[in-house]
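Beneath this line is the structure, given in structure tokens, with notes to follow.
Each reported figure results from applying straightforward, stated rules to the coordinates on display, with no laboratory input. The structure presented is a predicted model; accordingly, all values stated were derived computationally and were not measured. Counting neighbours? That spans all protein chains shown, and the Cβs are built from the backbone with ideal geometry, glycine included.
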Amino acid sequence: MTFAFAFLAVLMVASAGVAMLLRNLIHSALLLVLSWAGVAAFYLWAGAQFVAFAQLLVYVGAISMVVLFAVLLTRRSAGSVADVEPATFARAAAGLLAAGLVGGVLGATMLRSHFPTATGEAPKISVHDIGVDLMGPQVAALLVVGVILTVSLIGAVVIAATDPAATDKEDKP
Amino acid sequence: MLGSGIIQGLAVTAKNLVGSFHDPARFTTTQYPEERTKLPENYRNFPFLVADAANDPIGSLRCVACQICEKECPPQCIYIEKSKDKKPDAAGKQQFFPAVFDIDTSVCMSCQICVEVCPFDAIKMDQVFEIATPERFNALLLDRGQLAKPNTYYQQIHPTEAAEVDARLAADRKAGEEKAKAAAAAAAAKAAAAKAAPAAPASTAPSAPKSPAVPGTEAPKPPTTA
Amino acid sequence: MSMLNACLLLSSALFCLGLAAALVRSNAILVLLGIELMLNAANLNFIAFWRFGPDAGHSAGVMFVLFSIAVAAAEAAVGLALVIAISRHQRSIRLQEATRLKG
Amino acid sequence: MTAPAPLTDSFLERVPLLVRDFITGWFPEPIRWVVAGLLAALTILLVFATIFALLTLLERKIIARVQNRPGPNRTGLPWLPFTEGRVFGLGQPLADGIKALTKEDIVPRDADQVLHFLAPVVLVAFSLMTFAVIPFGRNLVSVDLDAAVLFFFAAGAGTELAVFMAGWSSHNKYSLLAAMRALAQLISYELPLLLSVVPVVMLAGKLSTTGIVAAQAGWKFGFIPRWFVLSPWGAAGFVIFFIAALAESNRSPFDLPEAESELIAGHLTEYSGFKYALFFMAEYFGMMALSGLGVTLFLGGWQAPLPVLEVIPSYLWFGAKLMLLILLFMWIRATLPRLRMDQLTRLAWKFLVPLALINLGNAAFWHLSAAWPGLPLQAVRYAIGVAVIVIPFFLIGRRLSAGVAPRTYRYAP
């Protein structure tokens, strides 16, 4: 139990950390996919089967695809899959410092505070329960999410679609 | 309707799939080394030498080493050495024979000119197309042992043409034999007459050696492959 | 240290990595990926509390993660559409150069 | 998986479970479930690898017959007696396997070595994982998950990633183009695939594959099976599912990622030897897995089509239905030419997705009208169900094919 958790934790943190350090964008994205899969495995470990598969489906199946597609569409030449040059040193240092501070605060808090925990078996939640919950108490949220998804899909298409006037201007020398 | 074309296409392929199992008109493949389609009669590739006796092909070649084909061959793929001695041919007449008869099939262009010029119907076109060899030089150079094939084989691969040739040869031979017989008879009669009347004039005597005894020695016949 | 604390530590580590990526990297896609990672770290907390919290078995944690995943998908779609639009307009996805709207 | 075989079933029905229990019986209790799991994985691997080997031959034979050729029929098994060494070319898969194994494995110098190696491994691993949730027979499912359908698609998502990895890591223009095509295609067709599955989940009320098969049990009037494919929404859903499955498994006519006339071999261009064989295997595994899911969701899973035929063990029925779908795959491959990229995406977004959405409403209507009394009302219900899906089909079809069909050819009938 603990061993599995430790393994997953190391997998997630290591792959995410290496992903953030790599200069090759595709490698970063694929390593992040591994990290997301690790999160899904964590859900599975915690007993949330449905959420785990949903995570896998959405992150590994959909978001990673979109990310990779974006990488391929935005690269300018064959070599430029490798990252654009990093920010200035000062900016990087500031960013790292901020992240480190947040991490320090969070970590310290986690280590010191004591949360009441329930001991015992993993709570059972079946797909049926989730369905009843989604259609019952959470139906308003479900509808809102549906609207958000639709709007964002249309918005994404509109934003990414080529503006005919703009391309005409660009193409004509 | 959208998709009707797809259904039509599926029907066509299904018909082919089923038909290939029972309809020989659809399924035309022959399993080559085991099954063979019959070659067309006029198919030809490389020449071979016709021999009259099946049990001794080299000994009974019709070829008399006249070397006409060697001279006529456009790519010059034929090489002949005439024998020093003579031996009797099918009709019993003394003839030269090819001591060496080589055809380089890597050079031969299957033009059939050798067949057309041969006055003795001794060289014909073969139908053997499985001529792949593991070696480039000697294996493609055929000597008279490999080239000699019996007349029965010729009758098998070119039945119509072979029948014509055989009929002509037989007629020639018959004519020759009759002439010889007539000549012999005449000679005998003459001898008898001479015996009976030694004083009779000998003016008819030289006609006997002039008469041809073998059909092959007659004037060349036009080739019959047309 | 209880299991819950361990999970929370893990999630804060992931969160920090995501934050660092979002702040330090200048590639728009990597920044977006960092944000996704932060979102995942938050989701991890929900599941951790659902699993080990005192009110274990209440489905709110799972529900929240489900909605969060759905919204993350929408966010990724819009974000990457924006990245593509930016790259089309300024021929680069360096965020430092996307300053056209600066006053 | 570790449930014992119920004694009510016939002996033949119980054979696989009995064998499993026999083998797991050798091991101590605590690790029995591990052994059972490994056994299931091993069985799936062996059975489907064998089927894969035979399918490669069968496919070549069928396509050959469609083109009026005999297909591979010479490679035999030389040690078999009385066959003169050739049994319908049954040795061909073996020969192909040996060839693939002994070929040189070439990795391009500029390739991304790690990803280039990982791609086929990931692909085969994920496509094998999908078999875990398919019930191959009564009580024959490796993992009876609560959210099995979701698992199936989640695992299937990994294969898309692998195709991309293969295409990108090869450092080859054609491979990269193929990878992009594959991504666009898989994203496009994931949607109709999922949308065609949703009605099934909705009416069965379950995400578990065993539950969905159980929901299709029983007979109408005592002899018509209650398979989903026999209802109007089920038939439409099955067709949509099947088309999307063709595209998802990169099969002709949707094999754009490996369109040999345009992209050499697509993402497989830089692969050789055993890695290529793995890709080939994964394609067949994907095809079999999707067919298996189609059988489970729409064709009643392992259930017999007639009550009388239930004496035949359920796994054989599943195999027969699976074979039927795979033959359909091959038949279509032998018939249809490859689509163009724009036609491909148009088909998905303008035709399949709207129809799948309408079908969702259709299924809802079917569900709500289940209690209509009397045979005439049921007939009306059926007619409405057919009309709801056929009328939009005609309308969308007419709009899509406006100006392009029917085509007339000057020199062909």
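Some points to look at:
- Karplus-derived 3J(HN,Hα), 6.51/-1.76/1.60, for each residue of the stretch D:196-201, Hz, glycine and proline x: 7, 7, 3, x, 4, 4
- Antiparallel content of DSSP bridges confined to the protein assembly as shown, in %, to 5: 85 percent
- Gap separating the Cα centres of the stretch B:119-141 and the stretch C:66-86, nearest whole Å: 76 Å
- Cα convex hull of the stretch D:103-366, projected area averaged across orientations, nm²: 14.3 nm²
- At most 12 other Cβ within 10 Å, DSSP loop - trypsin sites (Lys or Arg not before Pro), the stretch B:62-167: B:LYS84, B:LYS86, B:ARG136
- Cut-off of 10 Å, at most 16 other beta carbons, DSSP loop: longest stretch of chain B lacking such chymotrypsin sites (Phe, Trp or Tyr not before Pro): B:138-226
- Helix-only [θ]222 nm of chain D, DSSP H runs n ≥ 4, -39500 (n - 2.57) each, per residue, nearest 500: -21000 deg cm²/dmol
- Peptide A:15-24 has a mean of 5 when you count, residue by residue, the C-beta atoms of other protein chains within 10 Å of its C-beta.
- For chain C: relative contact order, % (alpha-carbon pairs under 8 angstrom, 6 or more apart): 26 percent
- Backbone amide hydrogens, once placed in the peptide plane, bring B:LYS82 within less than 5 Å of B:ALA99, excluding anything fewer than 5 places away on its chain.
- Computed helical MRE - 222 nm, chain C, DSSP H runs ≥ 4 contributing -39500 (n - 2.57), nearest 500: -27000 deg cm²/dmol
- Residue mean of other protein chain beta carbons inside 10 Å, D:331-338: 4
- Shape call, chain C: gyration tensor on alpha carbons, a/c limit 1.5: prolate
- GNM top mover of D:ALA244, D:ALA166, D:ALA215 - chain D, alpha-carbon springs below 10 Å: D:ALA215
- Electrostatic tally near A:LEU56: other residues with Cβ closer than 14 Å to its Cβ, Lys and Arg +1, Asp and Glu -1, net -2.
- Looking at the stretch D:122-204, none of the chymotrypsin sites (Phe, Trp or Tyr not before Pro) sits in a DSSP loop with at most 11 other Cβ atoms within 10 Å of its own Cβ.
- The stretch D:240-345 shape via C-alpha gyration tensor axes, a/c threshold 1.5: prolate
- For B:ILE123, the residues whose amide H sits under 5 Å from its own are B:VAL50, ignoring neighbours fewer than 5 places away on the same chain, with H placed 1.01 Å from N.
- In degrees, nearest ten, helix B:4-22 long axis to first principal axis of chain B (Cα): 40 degrees
- In order through the stretch D:125-132: 3J(HN,Hα) via Karplus (6.51 cos²θ - 1.76 cosθ + 1.60), integer Hz, x for Gly, Pro: 4, 5, 6, 6, 4, 5, 5, 4
- With helices as the sole contributors, chain B gives -11000 deg cm²/dmol at 222 nm; each DSSP H run of n ≥ 4 counts as -39500 (n - 2.57), and the sum is divided by every residue.
- Approximate spin-label separation D:LEU54-D:ASP342, in nm, with each point projected 7 Å along Cα-to-Cβ: 4.5 nm
- Selection among D:VAL386, D:TYR276, D:LEU177 by position relative to the dipole of chain D gives D:VAL386 as farthest towards the positive end (Cβ unit charges, Cα centre).
- Shown in residue order for the stretch A:99-112 are the 3J(HN,Hα) couplings computed by the Karplus curve 6.51 cos²θ - 1.76 cosθ + 1.60 at θ = phi - 60°: 4, x, 4, 4, x, x, 4, 4, x, 4, 4, 4, 5, 8 Hz (x for Gly and Pro).
- Taking amide H as placed 1.01 Å from N in the peptide plane, the amide H of B:GLN95 sits under 5 Å from that of B:LYS87, B:ASP89, each at least 5 places away or on another chain.
- P(r) histogram, all alpha-carbon pairs of the stretch D:15-95 included - 5 Å bins from 0, percent: 3, 14, 16, 13, 11, 9, 11, 10, 7, 4, 1, 0
- Stretching D:ASP144 away from D:ALA371 to a fully extended chain increases their span by 78.6 nm, per 0.36 nm per residue minus the current alpha-carbon distance.
- Cα gyration tensor, the stretch D:254-413 - rounded (a/c under 1.5), prolate or oblate: oblate
- Shielding by other protein chains, C:87-97, mean Cβ within 10 Å: 4
- For chain B, built as a Gaussian network whose Cα springs stay under 10 Å, the top-fluctuating residue of B:GLU35, B:GLU164, B:GLU81: B:GLU35
- Principal semi-axes in Å for the protein assembly as shown [√(5λ), Cα gyration tensor, largest first]: 81, 34, 28
- Chain D: most fluctuating residue of D:GLY397, D:GLY89, D:GLY266 per GNM, C-alpha cutoff 10 Å: D:GLY397
- Distance in nm between pseudo-label sites at D:ARG399 and A:LEU101 (7 Å out along the Cβ direction from Cα): 5.6 nm
- Reciprocal of mean inverse Cα separation for chain B (Kirkwood radius, Å): 21.6 Å
- Per-residue packing, averaged as other Cβ atoms within 10 Å, sorts the ranges A:107-117, B:174-184 into the order B:174-184, A:107-117, beginning with the highest.
- Summing Lys and Arg as +1 and Asp and Glu as -1 over all other residues whose Cβ lies under 15 Å from the Cβ of D:PHE131 gives a net charge of -2.
- Axis of helix C:3-24 versus longest Cα principal axis of chain C: the two differ by about 10°, to the nearest ten degrees.
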